[in-house]
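See below for the structure under consideration.
The values are calculated or read from the model by the stated rules, or taken from the named source; none is laboratory data. Here the structure is a predicted model, which is why all the values come from computation and not from measurement. Quick reminder, even Gly has a Cβ in these numbers, built from the backbone with ideal geometry, and neighbours come from all protein chains shown.
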Amino acid sequence: MQHIAIKSDYSFQVPLQAFDLGKLEQSLEIANSQIIKWNTSLDYAFYGTNSQSQAAFGMLTGCKPKFVFDDTPSYRGSFAYSSQFRFPIFEPSLERLKEVDVVVISVYIHDEAIAKKIRELGFDGEIYSLRPPSDPSGKVKSLFSEN
């Protein structure tokens, strides 16, 4: 086997920031309190089956959405998992959206487009995103933020 080395003059332009464990814990507490509240009073769904939703299912205490939606046809009939539950994956539809009060968009890099799609389907409940609170560029409310 032969290895090829590539020389590049590219330099990283984004300043690196120190990781703040305190802010992470605070963000998780905010999200967990929402999930606990929803588990007792509302029905909610997650939109998007990806690494962010899998991480959320693992880190958010007792997270048990009524539905998990995804646009990928091959995911239908499959499941998303937490350590306690498994969630069937459904195509998003107005009929199912009418059964929930809140939708959490896990695909935060597409949260604005997905929120628009959900509204166009006729959903009028609350919409949250798993966008980190450290990324203020989004217009969809972050589950991890008190605002």
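General observations
- Residue match in the stretch 86-102 (condition: under 30 Å from Gly22 (Cα atoms) and either surrounded by 14 or more Cβ atoms within 10 Å (Cβ to Cβ) or among the aliphatic types (A, V, I, L, M) (or both)): yes
- Tally of residues being assigned to a strand (DSSP E or B) and either modelled with pLDDT under 90 or hydroxyl-bearing (Ser, Thr, Tyr) (or both) across the stretch 11-61: 2
- Verdict on Glu146 being modelled with pLDDT under 95, closer than 30 Å to Leu21 by Cα and acidic (Asp, Glu): yes
- Test: Glu25 is within 24 Å of Ser145 (Cβ to Cβ), loosely packed, with under 14 Cβ neighbours inside 10 Å and of a type in the set (Asp, Glu): yes
- Just so you know, in the stretch 83-116 the residues that are in contact with a strand residue (DSSP E or B) (Cβ under 8 Å, 6 or more places away or on another chain) and of a type in the set (Gly, Ala, Ser) include one that is nearest to Ile35 (Cα to Cα), and it is Ser106.
- Checking Phe57, Phe46, Phe67 one by one, the residue that is in contact (Cβ under 8 Å) with a residue 60 or more places away in the chain and of a type in the set (Phe, Trp, Tyr) is Phe46 and no other.
- Scanning the stretch 109-147 for residues that are polar (S, T, N, Q), outside any loop (DSSP other than H, G, I, E, B) and over 16 Å from Asn50 (Cβ atoms) gives a single hit, Ser142.
- Of residues in the stretch 48-72 being polar (S, T, N, Q) and in contact with a helix residue (DSSP H, G or I) (Cβ under 8 Å, 6 or more places away or on another chain), the one farthest from Phe123 (Cα to Cα): Thr61
- Filter result (in contact (Cβ under 8 Å) with a residue 60 or more places away in the chain and not in a loop (DSSP other than H, G, I, E, B)) within the stretch 76-108: Val102, Val104
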